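Just below is one structure, and these are the notes that go with it.
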Amino acid sequence: MAVLEHFESDCFSLSHSIDKEPKSDWFQLHIHDNYELFCLVKGKVGYIVEGHRYKLRPGSVLLIRSSELHRLVVNESYEYERYVINFSHDFFSKRGFDDNILTPYLNRELGKKNLYSAKELEPCSAIACFEKMTNEAKVINAEDAVFANLSYLISFINVVFAAKKEDEQEENSIIAYINENLTNDISVSDVARFAHLSQSQLSRVFKELSGTSVYEYILSKRLILFQEKIRQGKSAIKASTECGFGDYSSFYRLYKKRFGVPPTKKSQES
């Protein structure tokens, strides 16, 4: 991957990158604890978000919020160029904005209304907005340049979001069931019974839908939820219990194995 431009501060990270010969295995299923806005410049790619599949075209933008599990699917025969910005919740709030500007991220079901095409965004151009953002970041304070242009783009997306119909996708009832019961004592066998599938059938179907196993999906979502609760001021023990982890000592070992640090240290650094 060639990074053409990169800017960051303690509350955002903006990259403009290109892959001349992209490989599918470079892009793994992942989840993060901030907000992401992805803009495709060039290439043939798709995204799987919470089991829902999106096909992107140049000029499209994709919104990903905290706790949405997602994975890029790339056609290796085409160059892949994009802008990606990740920003924290307080990126706007510290400048006096309330959460209304984040409505397209927050006021929707997981995996729904993530994609906005270039045509939907007309006359606003996401690519032009990112070009302006990066050009200005080279001559003025980068955070100011990002804020000015990102607030314009997200404000425009808010208008489109308000009028946008539900994505014409069949609801993934398996993933919906897991998310609704995430903090309960839910197991793979519980999910299999709900879906009227054997565990082996469920494993195959779920892998095709989401790119991961049922266990890894539940674990990843619970860990992100734990981090959100810690930031809200809850103790590690209380937060882990509320996220469905019954035994704190087992959770502690699992968390340290996954992140390399104890839960409290990871939370303080987030």
Checklist entry - Looking only at residues in the stretch 44-59 that are within 16 Å of the chain's Cα centre (by Cα) and in a loop (DSSP other than H, G, I, E, B), which one is modelled with the highest pLDDT? => result Glu50
Item to check | Residue match in the stretch 105-120 (condition: at positive phi, outside any strand (DSSP E or B) and surrounded by 20 or more Cβ atoms within 10 Å (Cβ to Cβ)) | outcome: yes
Item to check | Matching entry among Leu102, Leu72 (being in a helix (DSSP H, G or I) and within 16 Å of the chain's Cα centre (by Cα)) | outcome: Leu102
Checklist outcome for this item: Gly96 passes all but one of the listed conditions (1) more than 29 Å from Arg204 (Cβ to Cβ); (2) in contact (Cβ under 8 Å) with a residue 24 or more places away in the chain; (3) assigned to a loop (DSSP other than H, G, I, E, B); the exception is number (2)
Next on the checklist: If I go through the stretch 177-205 residue by residue, how many of them are among the hydrophobic types (A, V, I, L, M, F, W, C) and either assigned to a loop (DSSP other than H, G, I, E, B) or in contact (Cβ under 8 Å) with a residue 60 or more places away in the chain (or both)?
Outcome noted: 3
Checklist outcome for this item: Taking the stretch 245-269 and keeping residues assigned to a loop (DSSP other than H, G, I, E, B) and either closer than 13 Å to Leu223 by Cα or at pLDDT 90 or above (or both) leaves Phe245, Pro262
Next on the checklist: Can you pull out every residue in the stretch 31-46 that is more than 20 Å from Ile101 (Cβ to Cβ), touching a Lys or Arg at 6+ places or on another chain (Cβ under 7 Å) and of a type outside the set (Val, Ile, Thr)?
Outcome noted: Leu40, Gly46
Checklist entry - Within the group Glu208, Glu216, which residue is over 18 Å from Leu182 (Cα atoms) and not hydroxyl-bearing (Ser, Thr, Tyr)? => result Glu208
Item to check | Candidates Asn149, Asn179, filtered to the one that is under 18 Å from the mean Cα position of the chain (by Cα), of a type in the set (S, T, N, Q), within 27 Å of Val84 (Cα to Cα) and modelled with pLDDT of 85 or more | outcome: Asn179
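The values are calculated or read from the model by the stated rules, or taken from the named source; none is laboratory data. Given the structure is predicted, the values throughout are model-derived calculations rather than measurements. Cβ: placed from backbone, ideal geometry, glycine included. Neighbour counts: every protein chain shown.
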